[in-house]
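K.L.:
Take this structure, written in structure tokens, and hold onto it; I'll ask about it next.
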Amino acid sequence: MTLFPGVAITTGAASGIGRAIALAFATAGYQGITIADRLAEGLAQTQELIAKEAPNAAVETIVIDVAQLESVIAMAVCTVARWGRIDLTVNVAGIQGPAQRSTALTLDEFDGIQKRQLSWSMAYSKENIRINCVCPGLVEYMFSLLPVSFEEQRKFFAPAIAIAPINRMGQPSEIADVCLFLCSSKASLVQGASMVADGGYMIN
Ligand SMILES: NC(=O)c1ccc[n+]([C@@H]2O[C@H](COP(=O)([O-])OP(=O)(O)OC[C@H]3O[C@@H](n4cnc5c(N)ncnc54)[C@H](O)[C@@H]3O)[C@@H](O)[C@H]2O)c1
């Protein structure tokens with residue numbers, strides 16, 4: 001019996017971490033996967049990759065803007081129309097915000113996302129819906145931030161990479177592995193957690 005039953009949605013699936021998660025889900029054997037992003041071309045590449053690596057996976061593709069409510073609703077509607085259910089979503093779509101000192105942020109900006117995650121985790125527990133968060137360190141393929149080769153990225157980020165005791169950038173697939181665990185029945189008691197996957201960057 002699979003640890004990964006049901007239907008999954010992954011946003012930000014046109015590249016990087018989101019693409020790796022979509023591929024991991026497809027290989028793990030979910031019944032269906034919706035891949036969503038604002039970049040149609042990248043989504044098509046992800047779909048091709050899945051077709052090659054997991055030919056039996058059923059994939060729905062939708063171009064959306066996660067900042068537009070109607071767009072997010074359309075993603076849910078298209079998934080339910082095809083499979084009649086949604087078991088989990090991994091929300092990866094996003095861009096790196098401007099780098100600034102914490103003192104330049106309002107308190108809400110600083111801890112807004114985590115607070116929201118915790119309050120949703122409390123509220124949805126009754127319905128057996130788990131909400132967790134993954135905190136990556138430096139992961140290769142940050143093309144929206146730095147559209148250059150991996151080699152150049154490694155050089156550019158060398159001082160930051162050296163902070164993590166593991167002393168290398170992460171691979172998108174390593175973040176996908178953490179998401180697979182959190183989305184599986186093996187994580188049935190994990191609720192409201194922020195799982196750090198950064199090679200030790202935060203502890204140093
Ligand atoms: N790569 C890292 O080192 C790292 C570290 C920490 C956090 N993150 C965060 O993780 C997320 C994924 O990172 P990545 O390296 O895969 O980046 P990426 O740029 O390769 O992928 C982000 C994807 O999100 C999509 N996207 C952005 N805004 C969107 C919108 N409004 N609607 C729909 N799609 C949208 C982009 O088109 C892109 O395909 C980002 O939010 C990033 O800030 C990345």
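The values are calculated or read from the model by the stated rules, or taken from the named source; none is laboratory data. Please read these numbers as outputs of a predicted model, since none were measured by experiment. FYI the Cβ positions are ideal-geometry reconstructions off the backbone, even for glycines, and counts take in every protein chain you see.
K.L.:
Restricting to the stretch 45-72, name every residue that is in a strand (DSSP E or B) and either away from the ligand (no atom under 12 Å from the Cβ) or touching a Cys at 6+ places or on another chain (Cβ under 7 Å) (or both).
P.N.:
Within the stretch 45-72, Val59, Glu60, Thr61, Ile62 qualify.
K.L.:
OK, next. Go through the stretch 165-187 and report how many residues are within 21 Å of the chain's Cα centre (by Cα), over 19 Å from Ile9 (Cα atoms) and part of a loop (DSSP other than H, G, I, E, B).
P.N.:
3
K.L.:
Restricting attention to the stretch 112-138, and to residues there that are of a type in the set (S, T, N, Q) and out of contact with any strand residue (DSSP E or B) (no Cβ under 7 Å at 6 or more places or on another chain), which single residue is surrounded by the most Cβ atoms within 10 Å (Cβ to Cβ)?
P.N.:
Ser121
K.L.:
Any residue in the stretch 142-159 that is in a helix (DSSP H, G or I) sitting within a Cβ distance under 7 Å of a residue that is at pLDDT below 85 and within 14 Å of the ligand (Cβ to nearest atom)? List the pairs, counting only those 6 or more apart or interchain.
P.N.:
What qualifies is Gln153/Met142; Gln153/Leu146; Phe156/Leu146.
K.L.:
So, one more: Would you be able to tell me the number of residues in the stretch 48-88 that are in contact (Cβ under 8 Å) with a residue 12 or more places away in the chain, out of contact with any helix residue (DSSP H, G or I) (no Cβ under 9 Å at 6 or more places or on another chain) and of a type outside the set (Phe, Trp, Tyr)?
P.N.:
6
K.L.:
Being within 14 Å of the ligand (Cβ to nearest atom) and surrounded by 11 or more Cβ atoms within 10 Å (Cβ to Cβ) is the filter; apply it to the stretch 77-104 and report the residue that is modelled with the lowest pLDDT.
P.N.:
Gly94
K.L.:
Looking at (1) more than 10 Å from the ligand (Cβ to nearest atom); (2) assigned to a strand (DSSP E or B); (3) crowded, with 24+ Cβ neighbours inside 10 Å, which is the only condition Ala22 fails?
P.N.:
(2)
K.L.:
Quick check on the stretch 29-44: of everything there that is assigned to a loop (DSSP other than H, G, I, E, B) and more than 9 Å from the ligand (Cβ to nearest atom), which residue is surrounded by the most Cβ atoms within 10 Å (Cβ to Cβ)?
P.N.:
Tyr30
K.L.:
Now for a different question. If you check Ala193, Ala187, Ala158, which single one turns out to be within 15 Å of the ligand (Cβ to nearest atom) and not aromatic (Phe, Trp, Tyr)? Give the steps one after another, and end with the answer.
P.N.:
Working: Ala193 fails: within 15 Å of the ligand (Cβ to nearest atom); Ala187 fails: within 15 Å of the ligand (Cβ to nearest atom).
Among Ala193, Ala187, Ala158, only Ala158 is within 15 Å of the ligand (Cβ to nearest atom) and not aromatic (Phe, Trp, Tyr).
K.L.:
Related question: So which of Glu60, Glu109 ends up being within 27 Å of Tyr141 (Cα to Cα), acidic (Asp, Glu) and surrounded by 16 or more Cβ atoms within 10 Å (Cβ to Cβ)?
P.N.:
Glu60
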